[in-house]
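Here's the structure we're looking at; comments come further down.
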């Protein structure tokens, strides 16, 4: 087999219909575009969202809400997750680098520790933010919660 004798599989290709090549072809005259109007002319293109003169959807539906440009978005991690990590890797200090290595956090995201679950290990946790319940749970077992 060489490049000069490669062919597509039998039946996988179709001949292109030649429109507007006389009445004998069966596709002459209007060339399947129907009669008159903008859509039958060459170079026709409608605007995005144009609905034939009907009020388009983006104008019928009202605007609402806004995007707060000052919003600070945190990646939430529960203390149950910290407990699992501490048991698995035998850790006493958990910070952003540990969670990034474990795949729980991306390097640019901020970390917030939440209080769902149970914590048994005495941990030194360093994060960008903590919930009240998380701080209570960490300090109840003798650990420390440090805000970066």
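So if I check each of 41, 21, which one is without any contact (Cβ under 8 Å) to a residue 60 or more places away in the chain and surrounded by 10 or more Cβ atoms within 10 Å (Cβ to Cβ)? Steps first, answer last, please.
On the way: 41 fails: surrounded by 10 or more Cβ atoms within 10 Å (Cβ to Cβ).
Answer to the check: 21.
This table checks each residue for (1) surrounded by 10 or more Cβ atoms within 10 Å (Cβ to Cβ); (2) touching a helix residue (DSSP H, G or I) at 6+ places or on another chain (Cβ under 6 Å); (3) free of Cβ contacts under 8 Å to residues at least 12 places away in the same chain; (4) within 20 Å of residue 145 (Cβ to Cβ).
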{"residue": "48", "(1), (2), (3), (4)": "no, no, yes, no"}
{"residue": "51", "(1), (2), (3), (4)": "yes, no, yes, no"}
{"residue": "70", "(1), (2), (3), (4)": "no, no, yes, no"}
{"residue": "88", "(1), (2), (3), (4)": "no, no, yes, no"}
{"residue": "92", "(1), (2), (3), (4)": "yes, no, no, yes"}
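Can residue 31 be described as part of a loop (DSSP other than H, G, I, E, B), at pLDDT 90 or above and surrounded by 10 or more Cβ atoms within 10 Å (Cβ to Cβ)?
Details: part of a loop (DSSP other than H, G, I, E, B): yes; at pLDDT 90 or above: yes; surrounded by 10 or more Cβ atoms within 10 Å (Cβ to Cβ): yes.
So residue 31 passes the test.
Within the stretch 130-143, can one find any residue that is touching a helix residue (DSSP H, G or I) at 6+ places or on another chain (Cβ under 8 Å) and surrounded by fewer than 18 Cβ atoms within 10 Å (Cβ to Cβ)?
So far as the stretch 130-143 goes, no, none of its residues is touching a helix residue (DSSP H, G or I) at 6+ places or on another chain (Cβ under 8 Å) and surrounded by fewer than 18 Cβ atoms within 10 Å (Cβ to Cβ).
For the stretch 43-84, name all the residues that are under 27 Å from residue 104 (Cβ atoms) and part of a helix (DSSP H, G or I).
79, 80, 81, 82, 83, 84
Considering only the stretch 107-125, state which residues are touching a helix residue (DSSP H, G or I) at 6+ places or on another chain (Cβ under 7 Å) and in contact (Cβ under 8 Å) with a residue 24 or more places away in the chain. Walk me through it before giving the result.
We begin by selecting, within the stretch 107-125, every residue touching a helix residue (DSSP H, G or I) at 6+ places or on another chain (Cβ under 7 Å); these are 107, 111, 113-121, 123, 125.
Within the stretch 107-125, 111, 113, 114, 115, 116, 117, 118, 119, 120, 121, 123, 125 qualify.
Residues of the stretch 99-121 being in contact with a strand residue (DSSP E or B) (Cβ under 9 Å, 6 or more places away or on another chain) and over 22 Å from residue 72 (Cα atoms), which ones? It would help to see each step written out before you state the result.
Kept after step one, since they are in contact with a strand residue (DSSP E or B) (Cβ under 9 Å, 6 or more places away or on another chain), are these residues of the stretch 99-121: 99, 104-106, 109-117.
Of everything in the stretch 99-121, just one residue is in contact with a strand residue (DSSP E or B) (Cβ under 9 Å, 6 or more places away or on another chain) and over 22 Å from residue 72 (Cα atoms), namely 117.
The values are calculated or read from the model by the stated rules, or taken from the named source; none is laboratory data. Since the model is a prediction, treat every value here as computed from it, not as a measurement. Positions of Cβ are backbone-derived with ideal geometry, glycine not excepted, and every protein chain shown enters the neighbour counts.
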